[in-house]
1. Ballpark to the nearest 100 Å², how much total accessible area do B and A bury together, probe 1.4 Å?
2. Would you check the accessible area of C:M93, probe 1.4 Å, heavy atoms only, in square angstrom rounded to 10?
3. Counting only protein heavy atoms, what percent of the accessible surface of region B:257-413 is carbon or sulfur at a 1.4 Å probe?
4. Give me the residues in region B:429-446 whose solvent-accessible area, probe 1.4 Å, is reduced by at least 50 Å² once all protein chains are included instead of the chain isolated.
5. Taking the Cα centre of region B:391-538 as origin and charging only Cβ (+1 Lys, Arg; -1 Asp, Glu), how large is the dipole, in debye to the nearest 20?
6. So, in Å, what gap is there between the alpha-carbon centers of region A:181-223 and region B:417-478?
7. Compare B:E272, B:E380 by solvent-accessible area with a 1.4 Å probe and give them largest first, with all protein chains kept in place.
8. Between A:F56 and A:E206, what is the spin-label point distance in nm, taking each point 7 Å from the Cα along the Cα→C-beta axis?
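The values are calculated or read from the model by the stated rules, or taken from the named source; none is laboratory data. Keep in mind that this is a model prediction, so the values were computed, not measured. Please note: Cβ atoms are built from the backbone with ideal geometry, for glycine as well, and neighbour counts cover all protein chains shown. Surface accessibility is based on the protein's heavy atoms, side chains included, excluding ligands, DNA and RNA. Shrake-Rupley method; radii C 1.70, N 1.55, O 1.52, S 1.80 Å.
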Amino acid sequence: MGVVVFLIAFVAVSIPLSWAFRAALARLLPRDMAYAAGTMPLTAAFGLMVVGLYVFVALFAPLLAPFPERAVVGSQFQPWDSTHWLGTDRLGRDMLSRLIYGARNTVGIAFATTALAFLVGSLLGIWAALRGGWLDQGLSRFVDALMAIPSLIFSLLLLTIFGTSVLTLILVIAAVDATRVYRIARSVAQGVVVMDYVEAARLRGEGTWYLIRREILPNALAPLVAEFGLRFCFVFLTISSLSFLGLGIQPPTADWGSMVRDNATLITFGDVTPLLPAGAIALLTVAVNFIVDWQLYRASGLKERI
Amino acid sequence: MPLFVVSTSCYEMLTLCAEKPWRVVAGIVRHRTRRNREKHNTTNKAHQTGVTRRRLLQGATALGAAGLILPASYRPARAEPQKGGNFRIGLGHGNSTDGYDPGLWDNLYAQVFAAARHNQLIEVDSDGQLIGEIAESWDSDDGQTWVFRIRQGVTFHSGKDVTVDDVIASLNHHRGDDATSAIKQFFDPVTDIRADGDNVVVTLDAPNGDFPYLMSDYHLAIMPGADGKIDPTSTDGCGPYIVESYEPGVQATLNRNPDYWKSHRAHFDRVEILAILDSAARLNALMTGQVDLIDQIDPATIGMLEARNVANILSIPGNAHYVFPMDSRAAPFDDNNVRLALKYAIDRQQMVDTILGGHGAVSNDNPIGPANRYFYADMEPKEFDPDRARYYLRQAGMESLSVDLNVADAAFAGAVDAGALFAETAAQAGININLVREPNDGYWDNVWMQKPFVASYWGGRAVEDHMFTTGYAAGAAWNDSFWEHERFNELLVKARSEVNEDLRREMYHEMQRIVSFEGSVIIPMNNNYVMATALNVATPEQVSANWNIDGFRATERWWFA
Amino acid sequence: MHLVLMMILQRLALGVLTLFVVSLVIFGATELLPGDLASTLLGQSATPETVAALRAQLGLDQPAPVRYWAWLTGVLQGDFGVSLATRRPIADMLATRLGNTVFLALYAAAIAVPLSLILGVLAALWRNSLFDRVANAGALSAISFPEFFLAYILIFLLAQSGYFPSMTRISPNMSLGDKLYVTFLPALTLTLVVTAHMMRMTRAAIINLMAQPYIEMARLKGLSPLRIVLRHALPNALAPIINVIAINLAYLITGVVVVEVVFVYPGLGQLMVDSVSKRDIAVVQAIALIFASAYVLLNLTADVLSTLTNPRLMRRK
């Protein structure tokens, strides 16, 4: 029951906050952006606010965290008190500090991974759509084959082969994700490449890079952005599942996915500790997707009242 | 009178040992007890079949003294065992790839399942003594030719009588050039195995007073033979329970063998052994009454489980220990000052409290445990002392130190956490330990004895010489710190044949001191075997510290109260 | 109609090609893993002689291309071979587990697909209402919890109080009712995992059409909003919805190893992970092929269905 009460209180607090945040944005931003900000739904304002908060926490983690990321400052699983606001974890490290540092590591890694996946996946996808023929066929069939291998097991294989440093983790998850991005980018781009303006640019003799950058990408962006939002959040889950299977981020680095895994057994006894990092992930997921929804909605051209 | 006689009563042996103790010590079999390292296999490996006859001289043994630690609330009915019930075990082991071949049994699931359906020649009882199983008795005139008298009237589940030929086929499965058994090398000294009436005669190339201990190894299940070979894919045995169904990595169901020759054992009607790899799933299964016994409880949750009052916790101390070996050939670990600095930079009590949840004891870098006879209890302890660590660092000519520590939970449950704790305390002494988590998969192939500073574990040995010879003698196969110490190796050989008790004690104490202060293995703690049972499960007064799950034999020894 | 048939045949041919590439990739990756079956079977007790003996016995001393060729010719004749670790025929090992995996996937899909379609349609109908927001946030929170954690929470809430078993022990001779009862928690976990994706796609696909002139027309005719959504928008939005359902069904079959571990459910995922860590390549290959076939077939079905629902797609290349 406590959880329900907490959720209601949380929503009750976040509505006025989001409203105030939206009002502040509309006031402070330059005119052309202010209109968009002023008319956005409260959910989007909430999303922006949360993402802003996360970015802030991630950037200033060392200033905000009361204790160092990896220092053992107490005994195992201390209760919440005035020194350790959220208690300590299984090694006696301050939970709040690890959550704060976790924002930096998790969001950083997830962003790097997703960005890389999109860079590779969407460029290849658009390129394949643009060139067509054998290149398209070869790439697409290969990607199809990779996608037919369950992603978690494929990541497991690759990480066992190449080791589990943060860099390989990013590269492996990005590689697996890139196949999904490739597919979407290709199918979206296929719709765009047949447009007259692309044909016109081609006839002008523009190069491939120019076509991708100036003609196709801008017109294929909306669905890619939506996908970015989801993929970004799934990186946390992938890391968490990998740490369930014994891989994942190197300790003692704090990251939410591994923190859920480390403390998960406690939920068996009704202890809320593992809910904290899981909640942090959930909040970010919801926030990012609220923003994405808003953007998609604007792109759909529906002019209803919100 | 034969020189070596051991019978089920074990009585005659006592006098023999008093006569020729050196024979016993010198002939210790080199058990390869860490044979079964793999992913989920961590706390179950203690292998103490090397209990020697000397132990028997002590009457109530040290192992016995260190038997069971029971919580105050735990007052099981110690009445006569009752028959009946369906005993369900949830183990954190077992793979869907597990096979049937006895030579390749390698995890707790395979071991417990094997003990439920098979008998061996010899059993190690709860006190660590050898008692006859399929071998009624055994003796040897010279320690080189061993005669095992086979028990008559025992039948396999299929109805066939257990014969001398079956025993020979079962032993030969692990022997010979094309054998693929994990214990093949134990049989290297065996030159001949032959039948002689109701006896099996084993001839060795040299005397070995400890050969019977080898026969208690869990791989040596007695199975029906045909044409001198056993069928390694069969589940037929002569043990307490008959297999009804088995799906590797999922479950095995067995029913009581109505013709079992031991009348005072095997109390359950039915046994189910389930593989439950996830620790939370195991806890939940026990708490919701879906199983009656689980192993490997996450130390962080033991306290909470106790508080729920839905289960009994069994915590069995033994000689098992967790270690961090350093490659003594590689810089910077080739300098003993560096090794000492690291030894003083670890907070042992914190490790026991956090990693073991208190179910264990601090170790002073000593592979010999309190259950050993010559345990050096008064050795100067190593408290966590950053200043002292810095001092030794300076002795080594360093201001600070940075080393990689490669770990995986495959080394032992909580190894990664232990590494993180170690890194934190070491940081206070100016030592930067860079923790590298390796994949569990392939840890023993690619990391252990490959990287210079890793985590590992030992089941411990009941005999000092056995422990030192396997893990610390120069060139030993599992000398995982590649450590060589002239004085130590000299003492090791000397102590084997020393007859004077006090002198031997002195020698073993000196060796423990050398290992502790000049050795290249950090041993922060001794871990207990921790199990949890449903409240209605009753165990004998003494639960074996020789292997986990009461020496794998809970199905045969326990009952429902 | 023959256009659809042509498409199916063409896609099937491509599917076979995909399977071939998958088998190559999996074989190569498993070869790259450190150690082999002989050394992992013997574990720490491995000595050079026993490893060599076991390797010879298992045929692992052959060069990799030879082993791959032997495997491939076997499979082409319908023989998956024998598991080297357990020495049992792979087809037997997989049969029950494949059945279990498919059962759980269908069970979860039977709850999740109608649920997400209804929620998606309602969310699109009452878009930006409180219902929309709550359904959206709830679904998103559900997918942003790691699967195993979601499972733990459900066990804590529903199993510890005794409503459902925390562990799913199923046997072939159980009645369907019992099976549905004991596998309810894993099915519910998976439902929570996949619902969000399908629901959001349904909602998005419908909303995407709401600005179209023909919808505007229907609205001007005075049709009820529900009728507009169901009769006018939904049929045209079916293609992307079917596709996302196919992806999620494929996921339910191929991607649920974590849920299998938590609920001790004997499915294919666990067997695949075990076989990878034991380097039992033939088993890994067989399961990878099953997974890949499921993926290929589901995608094919989705494409055929979307083509049938929207004949315009047939003209596209």
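1. 2300 Å²
2. Spelled out: C:M93, probe radius 1.4 Å, area about 10 Å².
3. On the way: 2210 of 5140 Å².
So the carbon and sulfur contribution to the accessible surface is 43 percent.
4. B:R437, B:P439, B:D441, B:D445
5. 120 debye
6. After rounding, the separation between the Cα centres reads 56 Å.
7. Putting B:E272, B:E380 in descending order of accessible area: B:E380, B:E272.
8. Placing both labels 7 Å along Cα→Cβ, they lie 4.1 nm apart.
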